[in-house]
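Comments concern the structure below.
The values are calculated or read from the model by the stated rules, or taken from the named source; none is laboratory data. Everything numeric in this text was worked out from a predicted model, so none of it was measured. Backbone-built Cβ (ideal geometry, glycine too); neighbour counts: all protein chains shown.
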Amino acid sequence: KARVAVLISGGGTNMAALLYAAKRPDSPYEVVLVASNNPDAEGLKLAQAEGVATFAQSHVGLKRADHDDIMHNHITKAGAAYVALAGYMRILSGNFVEKWDGRMLNIHPSLLPKYTGLHTHQRAIDAGDSIAGCSVHLVTADLDEGPLLGQMEVAVLPNDTADSLAERVKIAEHQLYPRTLADYVSRATSPDYLTSKVREIALAQPEAD
Ligand code: GAR
């Protein structure tokens with residue numbers, strides 16, 4: 001199975017979705033590490049209870065590149081071949097992004113390319129959008145702009161607040177992320193599912209065993 005490290009900063013519900021999906025015997029990936037920049041991240045406790053190795057290193061007082069190096073060392077020590085960002089609220093240094101080129105995925109709570117960055121749900125509501133959603137993409141140096149691997153749409157309800165919409169989008173995230181990660185590591189690269197650029201990157205990576 002492909003070895004995946006999941007990076008979180010908070011609640012870790014997407015991490016939990018990735019973890020539980022990986023319990024299926026036919027999962028093509030396994031979660032070998034859950035790492036966080038926030039030692040108090042709730043998700044760390046869940047991962048520990050599920051018997052997954054965890055690592056936490058606060059970024060406070062560290063240079064971005066130094067913090068990323070520490071994370072990178074732990075991820076490689078865990079033998080991970082892929083990194084799944086799951087609510088990891090740190091911008092990554094160029095060096096880190098380069099080291100994981102084609103092997104690092106992120107989930108973002110909007111239908112990219114709409115609403116990169118923060119406050120995606122409020123921005124969708126303010127714009128009067130009737131459809132919101134989530135996206136999984138490869139991480140590149142451009143924040144939230146790497147090649148798209150998958151998206152799921154979520155209807156905006158008339159009385160939605162940013163919180164109520166966020167909650168519903170998360171339900172979609174929990175469906176989208178495990179499936180997209182599984183497809184990616186197992187190279188289920190159907191022509192209309194992935195752009196040619198992504199196929200090129202995916203096929204250049206070592207096969208999952
Ligand atoms: C998720 O909605 C994820 O899409 C978002 O943070 C939340 C984390 O929730 N990520 C970003 O905004 C990245 N810029 P979780 O910790 O419960 O998975």
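Observations on the model:
- For region 144-167, filtering for residues that are surrounded by 17 or more Cβ atoms within 10 Å (Cβ to Cβ) and without any contact (Cβ under 8 Å) to a residue 24 or more places away in the chain leaves 1.
- Listed conditions (1) part of a helix (DSSP H, G or I); (2) closer than 27 Å to A56 by Cα; (3) under 16 Å from the mean Cα position of the chain (by Cα); (4) within 15 Å of the ligand (Cβ to nearest atom) are all met by F96, apart from (4).
- Verdict on G117 being without any contact (Cβ under 8 Å) to a residue 24 or more places away in the chain, in a loop (DSSP other than H, G, I, E, B), of a type outside the set (D, E) and over 25 Å from P28 (Cα atoms): no
- Flag for L111 being part of a loop (DSSP other than H, G, I, E, B), closer than 21 Å to M15 by Cα and in contact with a strand residue (DSSP E or B) (Cβ under 9 Å, 6 or more places away or on another chain): yes
- Hey, G102 over 16 Å from the mean Cα position of the chain (by Cα) and farther than 30 Å from L165 by Cα or not: no
- Scanning region 60-71 for residues that are surrounded by 14 or more Cβ atoms within 10 Å (Cβ to Cβ) and not in a helix (DSSP H, G or I) turns up just one, L62.
- Enumeration of residues in region 124-141 that are away from the ligand (no atom under 12 Å from the Cβ) and more than 19 Å from Y184 (Cβ to Cβ): A124, I125, D126, A127, G128, D129, S130, I131, A141
- I91 meets each of the listed conditions (1) within 10 Å of the ligand (Cβ to nearest atom); (2) farther than 21 Å from V6 by Cβ; (3) in contact (Cβ under 8 Å) with a residue 40 or more places away in the chain; (4) in a loop (DSSP other than H, G, I, E, B) apart from (2).
- Test set (1) crowded, with 20+ Cβ neighbours inside 10 Å; (2) under 24 Å from R179 (Cα atoms); (3) touching a helix residue (DSSP H, G or I) at 6+ places or on another chain (Cβ under 9 Å) - I75 fails condition number: (3)
- If you go through region 114-143 and keep only what is more than 14 Å from the chain's Cα centre (by Cα) and at pLDDT below 95, you end up with A141, D142.
- Entry remark, region 140-184: residues being within 20 Å of A22 (Cβ to Cβ) and either out of contact with any Leu (no Cβ under 7 Å at 6 or more places or on another chain) or part of a loop (DSSP other than H, G, I, E, B) (or both) number 10 in total.
- Listed by first and then second residue, the pairs with beta-carbon distance under 8 Å, at least 6 apart or on different chains, first residue in region 11-35 and over 29 Å from H59 (Cα atoms), second among the aliphatic types (A, V, I, L, M) and away from the ligand (no atom under 16 Å from the Cβ), are A21/A182; S27/A182; P28/A2; P28/A182; P28/V185; P28/A208.
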